[in-house]
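> Structure in structure tokens, see below.
FYI, it's all coordinate maths here, none of it is from the lab. Predicted model, so just to flag it, every value in this text is computed and none were measured. Cβ placement follows ideal geometry from the backbone for every residue including glycine, while neighbour counts extend to all protein chains displayed.
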Amino acid sequence: MTKVGIVIGSTRPGRNGAAVARWVHDLAVKRGDADYELVDLEDYALPHLDEPLPAAAGQYEHAHTRRWSQAVAALDAFVFVTPEYNRSTSGALKTAIDFLYAEWANKAAGFVGYGVDGGARAIEHLRQILATAGVAGVAPQVTLSIRDDFENFSDFRPAARHEDSVRLMLDQLVSWAEALRTVRV
Ligand SMILES: Cc1cc2nc3c(=O)[nH]c(=O)nc-3n(C[C@H](O)[C@H](O)[C@H](O)COP(=O)(O)O)c2cc1C
């Protein structure tokens, strides 16, 4: 079955991202069309990029890189749950992407952003970064407002309409993930 990783893109103490990712995961597992798992960057404790060779060489010196490589290689597709920091994605997520190369290639991605303005600029930036790594981003996306979808900027209470956006995003993500498997063999 297609394996989809729902990546928590924030490692900040008190982050809103974990609640958003859990919500996406809860909606996703009810579909029964793929294996959905949470991928928490915090669990991988990646430092600033510290590999001597570029990721495209695929030769990793450090155990933390090899562990991260195995996790990403085992997945067919991703939902990136990204905060917006200074109009971009998080440094933690950018670094996690930079650590690897072939593990991302010819896979599909969907996006869930959140921020003052719905995280749309973070998603746009992330799309550019991932395109370089050969990741195909689906067009439907989910944008959550810190003002409207969180109480007191921290208690996640998403408007019901966002469930439709998650559904549309996952519909295309799973079909693209299945199609791209033929490119990877
Ligand atoms: C360093 C920093 C920069 C931010 N910059 C933006 C921004 O440019 N645009 C925006 O919409 N929200 C911005 N925010 C608000 C965050 O999107 C919001 O706090 C969100 O909850 C952060 O995700 P997290 O709680 O999972 O870390 C910023 C927050 C931080 C901490």
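> So which pairs qualify, if the first residue must be in the stretch 160-185 and touching a residue at least 60 places away in the same chain (Cβ under 8 Å) and crowded, with 19+ Cβ neighbours inside 10 Å, the second must be of a type outside the set (Val, Ile, Thr) and in a helix (DSSP H, G or I), the Cβ gap must be under 9 Å, and the two must be at least 6 apart or on different chains?
VAL166/TRP23; VAL166/LEU27; VAL166/ALA28; LEU170/LEU27; LEU170/ALA28
> Among the residues that make up the stretch 113-129, is at least one of them surrounded by 22 or more Cβ atoms within 10 Å (Cβ to Cβ), among the small types (Gly, Ala, Ser) and either closer than 24 Å to VAL183 by Cβ or more than 9 Å from the ligand (Cβ to nearest atom) (or both)?
Among the residues of the stretch 113-129, not one is surrounded by 22 or more Cβ atoms within 10 Å (Cβ to Cβ), among the small types (Gly, Ala, Ser) and either closer than 24 Å to VAL183 by Cβ or more than 9 Å from the ligand (Cβ to nearest atom) (or both), which makes the answer no.
> Given the conditions (1) part of a helix (DSSP H, G or I); (2) under 17 Å from VAL24 (Cβ atoms), which single one is not true for ARG181?
Just one mismatch for ARG181, condition (2).
> Going by what's in this entry, would VAL20 be described as buried (at least 20 other Cβ atoms within 10 Å of the Cβ) and touching a Phe, Trp or Tyr at 6+ places or on another chain (Cβ under 6 Å)?
For VAL20, the condition - buried (at least 20 other Cβ atoms within 10 Å of the Cβ) and touching a Phe, Trp or Tyr at 6+ places or on another chain (Cβ under 6 Å) - is met.
> Give me the residue from the stretch 102-112 that is closer than 20 Å to GLN59 by Cα and touching a Gly at 6+ places or on another chain (Cβ under 7 Å) and, out of that set, nearest to the ligand (Cβ to nearest atom).
Ranking the candidates gives TRP104 first.
> Taking the criterion of being under 19 Å from GLY14 (Cα atoms), outside any strand (DSSP E or B), without any contact (Cβ under 8 Å) to a residue 60 or more places away in the chain and not charged (D, E, K, R), would at least one residue in the stretch 117-127 satisfy it?
Within the stretch 117-127 (the criterion being under 19 Å from GLY14 (Cα atoms), outside any strand (DSSP E or B), without any contact (Cβ under 8 Å) to a residue 60 or more places away in the chain and not charged (D, E, K, R)), the answer is yes, since at least one residue qualifies.
> I'd like the full set of residues that are of a type in the set (Ser, Thr, Tyr) and touching a Ser or Thr at 6+ places or on another chain (Cβ under 9 Å), limited to the stretch 45-84.
TYR60, THR82 - these are the residues of the stretch 45-84 that are of a type in the set (Ser, Thr, Tyr) and touching a Ser or Thr at 6+ places or on another chain (Cβ under 9 Å).
> Please work out if ARG31 is touching a helix residue (DSSP H, G or I) at 6+ places or on another chain (Cβ under 9 Å), within 14 Å of ALA92 (Cβ to Cβ) and surrounded by 11 or more Cβ atoms within 10 Å (Cβ to Cβ).
No.
> Could you check the stretch 70-92 and list, in sequence order, the residues that are within 15 Å of the ligand (Cβ to nearest atom), outside any strand (DSSP E or B) and closer than 24 Å to LEU168 by Cα?
GLU84, THR89
> Being touching a helix residue (DSSP H, G or I) at 6+ places or on another chain (Cβ under 8 Å), within 25 Å of MET1 (Cβ to Cβ) and either assigned to a loop (DSSP other than H, G, I, E, B) or more than 15 Å from the ligand (Cβ to nearest atom) (or both) is the requirement here; does PRO140 meet it?
Criteria met by PRO140.
> Scan the stretch 43-51 and give yes if some residue there is surrounded by fewer than 16 Cβ atoms within 10 Å (Cβ to Cβ) and within 16 Å of the ligand (Cβ to nearest atom), otherwise no. It would help to see each step written out before you state the result.
First pass over the stretch 43-51, keeping only residues surrounded by fewer than 16 Cβ atoms within 10 Å (Cβ to Cβ): 43, 45, 47-50.
Checking the rest, the ones that are also within 16 Å of the ligand (Cβ to nearest atom) come to 43.
Within the stretch 43-51, one or more residues are surrounded by fewer than 16 Cβ atoms within 10 Å (Cβ to Cβ) and within 16 Å of the ligand (Cβ to nearest atom).
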